[in-house]
Amino acid sequence: MLAGIGAATAQEVTGVWQRDTGASRVRFSKCGEALCGTISWLKEQSGPAKVGQRIFYDMKPNGANTWSGSAFNPEDGKTYAGTMTLSGGTLTTAGCVMGGLICRSVKWTRMD
């Protein structure tokens, strides 16, 4: 029964989210038993990020309104331990290194 609750909560993240800077949008959708996020729109198309590029992988429920998995940063070409936290209409994603000692977070707003 608890697995069903986690899956229902994860559904709340699906859809399109816009980065707080307005520079990009990511579509989160189910991929197997997890969630994945793919770039669906870019304000500036000449950078290293590309529309259709998956940047969040294997995001699985890890508590109330939180998910853990992997986050790819197109700017440096590296994959980091990733987390997502949903609070109302705001999704916060973070990529961390060194066991979570150094993290960079980004806020997203739901578009749909």
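Criterion first (within 17 Å of LYS107 (Cα to Cα) and part of a loop (DSSP other than H, G, I, E, B)) does GLY22 satisfy it? Against the criterion (within 17 Å of LYS107 (Cα to Cα) and part of a loop (DSSP other than H, G, I, E, B)), GLY22 qualifies.
Only a single item in (1) farther than 13 Å from MET84 by Cβ; (2) open to solvent by less than 60 Å² (accessible area, probe 1.4 Å); (3) under 14 Å from the mean Cα position of the chain (by Cα) is not met by LYS30, and it is number (2).
Residues considered: PRO61, PRO74. Of these, the only one that is over 18 Å from THR21 (Cβ atoms), of a type outside the set (D, E, K, R) and either open to solvent by less than 50 Å² (accessible area, probe 1.4 Å) or touching a helix residue (DSSP H, G or I) at 6+ places or on another chain (Cβ under 6 Å) (or both) is PRO61. Before we move on, is LYS107 in a strand (DSSP E or B), modelled with pLDDT of 95 or more and not β-branched (Val, Ile, Thr)? Yes, satisfied.
Take THR92 and decide whether it is open to solvent by 50 Å² or more (accessible area, probe 1.4 Å) and touching a Ser or Thr at 6+ places or on another chain (Cβ under 6 Å). No, not satisfied. Every residue in the range 40-57 that is assigned to a strand (DSSP E or B) and more than 10 Å from the chain's Cα centre (by Cα), please. Within the range 40-57, SER40, TRP41, LEU42 qualify. Please state which of the following conditions TRP108 fails to meet, knowing it meets all the rest: (1) within 22 Å of GLY47 (Cβ to Cβ); (2) touching a residue at least 40 places away in the same chain (Cβ under 8 Å); (3) open to solvent by 40 Å² or more (accessible area, probe 1.4 Å). The failed condition is (3).
Answer with yes or no whether THR83 is of a type in the set (Val, Ile, Thr), assigned to a strand (DSSP E or B), at pLDDT 90 or above and farther than 14 Å from ARG25 by Cα. Considered against the rule, which asks whether it is of a type in the set (Val, Ile, Thr), assigned to a strand (DSSP E or B), at pLDDT 90 or above and farther than 14 Å from ARG25 by Cα, THR83 comes out as yes.
The values are calculated or read from the model by the stated rules, or taken from the named source; none is laboratory data. Owing to the predicted nature of the structure, the values given are computational and were not obtained by experimental measurement. Counting neighbours? That spans all protein chains shown, and the Cβs are built from the backbone with ideal geometry, glycine included. Side chains are part of the model used for accessible areas, which takes the heavy atoms of the whole protein and leaves out ligands, DNA and RNA. Shrake-Rupley method; radii C 1.70, N 1.55, O 1.52, S 1.80 Å.
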